[in-house]
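Take a look at the structure below.
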Amino acid sequence: MYAVRITLRELADRVIPTFMAPPYDVAIRLSTGGPIDWGAWATPITWYWLLNVTTSVFMLSIATLFRRLWIDVEKVPFPHALVAYSLAENNVAEGGWNRLFTIGVIIGLAFQIPVTLRMFPWFPDIYGVGYRSCPMLTRWFGGDEPLGTIPGMMSATYNPVAVAIAYMAPLHVQFSTWFFALMYMIAVQIAYYMGYYTGITDIGTCGRYWCSPSPSTEPPLKFMAIAIGALIAMGIMHLILNRRYLVEVAGAITRGGQEHKGEAMSYRMCFLMLVVSLIASAAFWMWSSLSLIDVLVLALTAFCIWYPMGRLFGLAGAYWRSVDKGFVFFRLLYPTCHEPPTTQEFLVFRMSTFLSDTPTYPWGGATVSAFTSYRFASLAGLSARNTFKALLLALILAPLASHIGFIWILHTVGGEHIGIWSSWYLGGTWVLTGVSSNWITLPAREPWVEYSVLGAIIAVVLSWLHARFVWFPLEPIGYILGTTCASILFGLWSAFLVAWVLKMITLRVGGAKLYEGYGVPIASGTVTGCMIGMILSGLLWIIRFFIPF
């Protein structure tokens, strides 16, 4: 919003209100650098802080309400929590890091250090990261190479962090992800031979998601529309399958039933916090020019997207990142929009897609952070109440501190001297100019509702079969990860395929004992080693920015 105030001054002044972005004369200093007009920045800073706090507390309330079901009853693994716990456990061990964890750290460093040293032109590209690789170490394939001639080919990740995290996911999630990715490739291949998606092999695997023709948004497959129906239905089915828990919690709220000692607070207090945060969020959005129906749809979107997305993150250690899924309810409510969009249309589109995109934004950040923290607390024997307090404090302070820091850095250094500001932020005019065109393509072009219904049916059937028959290997999480940009763009299907092979070997050779005693420590160490390498890389790049070498 700040950048388009600079690059699209006239259009931004018509669409973007001043409480979201200051006037041009103030915003331009983000690029050029200069003194900070804190008076002009006070309103946008406050607005974004209220946006973060109201939405985050709403999702924190939901996570706290379902904490016992997810953490104590189902024991959802949350691979990231397992890694953090392994690191903490090794840090406080009397003998220091154990041998297996250290081996994993060495593996991670052996990969990450050569990648980091690629900043020096003379250092060899050992892992091929300089050839058709995205920053997250995902390899894309062009139509000029053998794999790229396959119409349904997806990008493939070779990031050891992705493999290590996927290794700690359940076998059925691993298998389902690569299995449904294979089904995606076969379906696109069949459609291609039937005359659809002509020219798709002329573009790279990334373009097969973003550009046209795309099996994600265009007929006859429209995988994106199918996936959003599957995601929402997966969340609903989980609630249905755990209806006894809902009845128990409802009884505790309405009649003051038996509470559980391990909870962060009483269910009645948690429900009250949920209601208050919803009312506060409604007041905030209505003050920001949205209608009551818009506010209710936003709340519905938050729950229907991030409750099941939390399941994805907890069981698979991954999620479906893209802006396409959050607009589904508003697309039903408002089939078209103006060109250029009104302020209300811009807010509706931007917030529903932006907030449903990734855990780096408020809805997802609060959901994922809360559940993962509760899982870590359970592993470490910490109090859920104290965990809640720490979460609440972080959700209140972090948005304010990070925002002020962002503004201060750009004014001090000058955004024009920072590559990502010039390329990503100033180049992101699509945030405003793409609203009207994307409005009619998310989650897919018309007709799309029947595709979403099909996705819902797929998720319901898979959820029921997986719950009913222990041996049934397929479930909806794998379907979602295997047929969306999680695999198409980010290549997670390959990580889950490798992880499935490794875990099958581990369990066949030594069973659960070998997996828990050897597999998890090495996998956790690998992630830790890569993170240490990334931190060192970040420090080197900061030094290089101020002292070129």
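The values are calculated or read from the model by the stated rules, or taken from the named source; none is laboratory data. This is a predicted model, so every value here is computed, not measured. Ideal geometry is used to build each Cβ from the backbone, glycine not excepted, and the neighbour counts take in all protein chains shown.
Residues of the range 1-19 that are closer than 18 Å to E345 by Cα, surrounded by fewer than 16 Cβ atoms within 10 Å (Cβ to Cβ) and free of Cβ contacts under 8 Å to residues at least 60 places away in the same chain: E10, D13, T18.
If you check L514 against the conditions, is it over 26 Å from the mean Cα position of the chain (by Cα), part of a helix (DSSP H, G or I), of a type outside the set (V, I, T) and over 26 Å from M154 (Cβ atoms)? Yes, satisfied.
In the range 397-425, the residues that are among the hydroxyl-bearing types (S, T, Y) form Cβ pairs under 8 Å with partners that are surrounded by 12 or more Cβ atoms within 10 Å (Cβ to Cβ), at six or more places apart or across chains, as follows: T412/G33; S422/G415; S422/E416; Y425/Y2; Y425/A3; Y425/G415.
Flag: P121 does not match the condition of being closer than 25 Å to S524 by Cβ and in a loop (DSSP other than H, G, I, E, B). Of the residues making up the range 85-108, those that are part of a helix (DSSP H, G or I) and more than 20 Å from G538 (Cα to Cα) number 14.
Just checking, does the range 447-460 include any residue being of a type in the set (D, E, K, R) and modelled with pLDDT under 95? Checking the range 447-460: not a single residue is of a type in the set (D, E, K, R) and modelled with pLDDT under 95. The sole residue among R99, R139, R67 that is of a type in the set (K, R) and more than 26 Å from the chain's Cα centre (by Cα) is R99. If you go through the range 71-89 and keep only what is of a type in the set (F, W, Y) and surrounded by fewer than 23 Cβ atoms within 10 Å (Cβ to Cβ), you end up with just Y85.
Tell me, please, whether a residue that is of a type in the set (D, E), under 24 Å from G364 (Cα atoms) and either without any contact (Cβ under 8 Å) to a residue 12 or more places away in the chain or surrounded by 22 or more Cβ atoms within 10 Å (Cβ to Cβ) (or both) can be found in the range 20-29. Looking through the range 20-29, none of the residues is of a type in the set (D, E), under 24 Å from G364 (Cα atoms) and either without any contact (Cβ under 8 Å) to a residue 12 or more places away in the chain or surrounded by 22 or more Cβ atoms within 10 Å (Cβ to Cβ) (or both).
In the range 337-354, the qualifying residues are those that are in a helix (DSSP H, G or I) and of a type in the set (S, T, N, Q), and the one that is farthest from L290 (Cα to Cα) is T353. Flag: G519 matches the condition of being assigned to a helix (DSSP H, G or I), in contact with a Ser or Thr (Cβ under 7 Å, 6 or more places away or on another chain) and either at pLDDT 95 or above or buried (at least 17 other Cβ atoms within 10 Å of the Cβ) (or both). Any residue at all in the range 191-200 that's polar (S, T, N, Q), crowded, with 18+ Cβ neighbours inside 10 Å and farther than 30 Å from L465 by Cα? No. The residue that is farthest from G326 (Cα to Cα), counting only those in the range 352-381 that are touching a residue at least 12 places away in the same chain (Cβ under 8 Å) and β-branched (V, I, T), is T372.
For (1) among the aromatic types (F, W, Y); (2) touching a residue at least 40 places away in the same chain (Cβ under 8 Å), each residue gets a yes or a no:
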{"residue": "G104", "(1), (2)": "no, yes"}
{"residue": "G108", "(1), (2)": "no, yes"}
{"residue": "D125", "(1), (2)": "no, no"}
{"residue": "G130", "(1), (2)": "no, no"}
{"residue": "C134", "(1), (2)": "no, yes"}
{"residue": "M153", "(1), (2)": "no, yes"}
{"residue": "W178", "(1), (2)": "yes, yes"}
{"residue": "M185", "(1), (2)": "no, no"}
{"residue": "P213", "(1), (2)": "no, no"}
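Taking first residues from the range 430-446 that are buried (at least 20 other Cβ atoms within 10 Å of the Cβ) and part of a helix (DSSP H, G or I) and partners that are of a type in the set (S, T, N, Q) and modelled with pLDDT of 90 or more, the Cβ contacts under 8 Å between residues at least 6 apart in sequence or on separate chains come to W439/T336. Every condition in (1) touching a Cys at 6+ places or on another chain (Cβ under 8 Å); (2) assigned to a loop (DSSP other than H, G, I, E, B) is met by F111 except one, and the failing one is (2).
Determine, yes or no, whether V92 is closer than 30 Å to V368 by Cβ, at pLDDT below 95 and surrounded by fewer than 17 Cβ atoms within 10 Å (Cβ to Cβ).
Values: closer than 30 Å to V368 by Cβ: yes; at pLDDT below 95: yes; surrounded by fewer than 17 Cβ atoms within 10 Å (Cβ to Cβ): yes.
Yes.
So, Y479, is that one under 24 Å from the mean Cα position of the chain (by Cα), assigned to a helix (DSSP H, G or I) and surrounded by fewer than 23 Cβ atoms within 10 Å (Cβ to Cβ) or not? Show your work before the answer.
Values: under 24 Å from the mean Cα position of the chain (by Cα): yes; assigned to a helix (DSSP H, G or I): yes; surrounded by fewer than 23 Cβ atoms within 10 Å (Cβ to Cβ): no.
No, not satisfied.
Answer yes or no as to whether L400 is of a type outside the set (G, A, S), under 18 Å from L51 (Cα atoms), within 21 Å of the chain's Cα centre (by Cα) and surrounded by fewer than 23 Cβ atoms within 10 Å (Cβ to Cβ). Considered against the rule, which asks whether it is of a type outside the set (G, A, S), under 18 Å from L51 (Cα atoms), within 21 Å of the chain's Cα centre (by Cα) and surrounded by fewer than 23 Cβ atoms within 10 Å (Cβ to Cβ), L400 comes out as no.
No other residue among T157, T177, T205 is among the polar types (S, T, N, Q) and more than 30 Å from Y85 (Cβ to Cβ) apart from T205.
Counting only residues that are surrounded by fewer than 21 Cβ atoms within 10 Å (Cβ to Cβ) and either modelled with pLDDT under 95 or under 17 Å from W439 (Cα atoms) (or both), the range 298-328 holds 2 of them. Here F371, F313, F327 are screened, and the one residue that is touching a helix residue (DSSP H, G or I) at 6+ places or on another chain (Cβ under 8 Å) and within 21 Å of S288 (Cα to Cα) is F327.
So is G143 closer than 19 Å to T201 by Cα and modelled with pLDDT under 95 or not?
Details: closer than 19 Å to T201 by Cα: yes; modelled with pLDDT under 95: yes.
Answer is yes for this residue.
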